[in-house]
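Engineer: One structure is given below, represented as structure tokens, and several questions about it will come after.
Where a number appears in this text, it was derived from the coordinates with a stated rule and is not lab data. Keep in mind the model is a prediction, meaning the values are calculated, not measured. Positions of Cβ are generated from backbone atoms using ideal geometry, with glycine treated the same way; all protein chains shown enter the neighbour counts.
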Amino acid sequence: MATHVRVRHQNRIVEGVLDGESIRTEDGAALARAGTTLLPSAAPSKIVCVGRNYAAHAKELGNAVPSTPLLFFKPPSALIADGEDIVYPPQSKNVHYEGELAVIVGKRARNVPAAQALEIVRGYTICNDVTARDLQKADGQWTRAKGFDTFCPLGPVWIDPADLDLSGTRVRTFVNGELRQDGNTHDFIFTLPVLIEYITAAFTLEPGDVISTGTPEGVGPMQVGDTVAVSIDGIGTLTNRLVAP
């Protein structure tokens with residue numbers, strides 16, 4: 001199984017495959033991991049997120065289970081890498097973690113039928129859909145609550161599509177080492193092929209775009225100083241700390 005990373009090396013952004021303490025780049029070079037800076041796993045033009053894609057999560061927040069996918073965007077400016085800090089915005093008093101499986105798009109896609117949807121997937125990674133829950137409720141829509149700078153940790157690596165079983169992958173979130181979320185992709189309300197068909201019927205996905213597939217039950221608040229870790233079997237663990245502005 002290949003584990004891919006996106007890093008900065010000598011003022012260049014490069015991608016490669018982890019090989020022990022080295023990174024093998026696409027042109028065959030071997031870079032020392034210690035001499036690179038880890039970046040988010042993708043550089044999307046847009047981050048398409050799916051709300052309430054686990055029935056238990058919808059119910060825990062007092063929401064109805066949707067009959068069609070509920071979509072929203074996060075701006076690329078919200079992206080941070082594994083190990084970088086999430087900044088608690090002064091406008092909010094209730095910031096939540098939301099651990100999610102994320103999809104990296106590999107090719108330009110529009111009007112893709114579900115039967116062919118997985119052909120556009122480049123790989124899978126981990127997202128924390130950080131949310132200012134109080135602002136989400138107050139605003140009546142989700143742009144501000146989901147879109148603050150640093151509110152989209154993504155990484156630390158991505159894996160090839162063939163290396164993940166979408167029918168049963170465990171998604172867990174820990175806060176300061178304590179298990180808070182423990183879900184599984186077999187509980188998706190809308191499978192990934194259905195999501196891709198629905199999304200691309202509305203707008204074009206570009207290579208590098210990200211689809212974050214929704215969070216399981218167990219969401220909750222974080223406090224300044226907390227460390228949140230989202231772990232997905234077969235991919236790894238995305239870890240970030242919450243800091244004051």
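Engineer: So what is the relative contact order of the chain, in percent, for Cα pairs below 8 Å that sit 6 or more residues apart?
Structural biologist: On the way: 633 pairs, mean separation 68.6, N = 245.
Rounded, it is 28 percent for the chain.
Engineer: Taking only the alpha carbons of the stretch 1-145, what extent do you get along each of the three principal axes, in Å, biggest first?
Structural biologist: 51, 44, 24
Engineer: Among the aspartates and glutamates, select those whose C-alpha is under 13 Å from the C-alpha of LYS46, and discard any that sit fewer than 8 residues away in the same chain.
Structural biologist: Qualifying aspartates and glutamates at Cα under 13 Å: GLU206, ASP209.
Engineer: Right, next: How much mean residue ellipticity at 222 nm does the chain get from its helices, if each DSSP H run of length 4 or more adds -39500 (n - 2.57) and you divide by all residues, to the nearest 500 deg cm²/dmol?
Structural biologist: So the helix-based figure for the chain works out to -2500 deg cm²/dmol.
Engineer: Average projected area of the Cα convex hull of the stretch 144-245, in nm²?
Structural biologist: 7.7 nm²
Engineer: Moving on. Looking at the P(r) of the chain, how many percent of alpha-carbon pairs lie beyond 32 Å?
Structural biologist: Here the tail beyond 32 Å accounts for 16 percent of pairs.
Engineer: Still on this structure: If you place +1 on the Cβ of every Lys and Arg and -1 on the Cβ of every Asp and Glu, how big does the dipole about the Cα centre of the stretch 141-245 come out, in debye to the nearest 20? Before the final figure, lay out each step's value.
Structural biologist: On the way: 6 positive and 13 negative charges, 84 e Å.
Its charge dipole is roughly 400 debye.
Engineer: Using the Karplus curve 6.51 cos²θ - 1.76 cosθ + 1.60 with θ = phi - 60°, what ³J(HN,Hα) values do you get for each residue of the stretch 24-33, in whole Hz, with x for Gly and Pro?
Structural biologist: 8, 7, 5, 8, x, 6, 10, 9, 6, 4
Engineer: In nm, what is the difference between 0.36 nm times the number of residues separating ASP27 and GLU119 and their Cα-Cα distance?
Structural biologist: Stretched fully, the ASP27-GLU119 segment lengthens by 30.7 nm.
Engineer: Dipole of the chain, Cα-centred, from +1 at each Lys and Arg C-beta and -1 at each Asp and Glu C-beta, to the nearest 20 debye?
Structural biologist: 580 debye
Engineer: Taking H placed 1.01 Å from N in the peptide plane, check which residues at least 5 places from THR3 or on another chain put their amide H under 5 Å from its amide H.
Structural biologist: HN-HN under 5 Å from THR3: LEU18.
Engineer: Whole Å is fine, so just give me how far the alpha carbon centre of the stretch 24-84 lies from that of the stretch 194-231.
Structural biologist: The stretch 24-84 and the stretch 194-231 have Cα centres separated by 5 Å.
Engineer: Please list the non-local residues whose amide H lies under 5 Å from the amide H of ASN184, H modeled 1.01 Å from N, same-chain partners needing a gap of 5 or more.
Structural biologist: Residues meeting the amide H criterion: VAL171.
Engineer: In addition: Given 10 Å bins starting at zero, what is the percent of C-alpha pairs of the stretch 83-149 in each, up to the one with the largest pair distance?
Structural biologist: Taking all Cα pairs of the stretch 83-149, the binned fractions are 18, 35, 26, 20, 1 percent.
Engineer: Based on the Cβ-Cβ distance of SER67 and ASP165, what FRET efficiency does E = 1/(1 + (r/R0)^6) give at R0 = 35 Å, to the nearest 0.05?
Structural biologist: 0.85
Engineer: In nm, give the distance between the simple-model label positions of GLN10 and THR37, each being 7 Å from the Cα along the Cα-to-Cβ direction.
Structural biologist: Roughly 1.7 nm, to one decimal.
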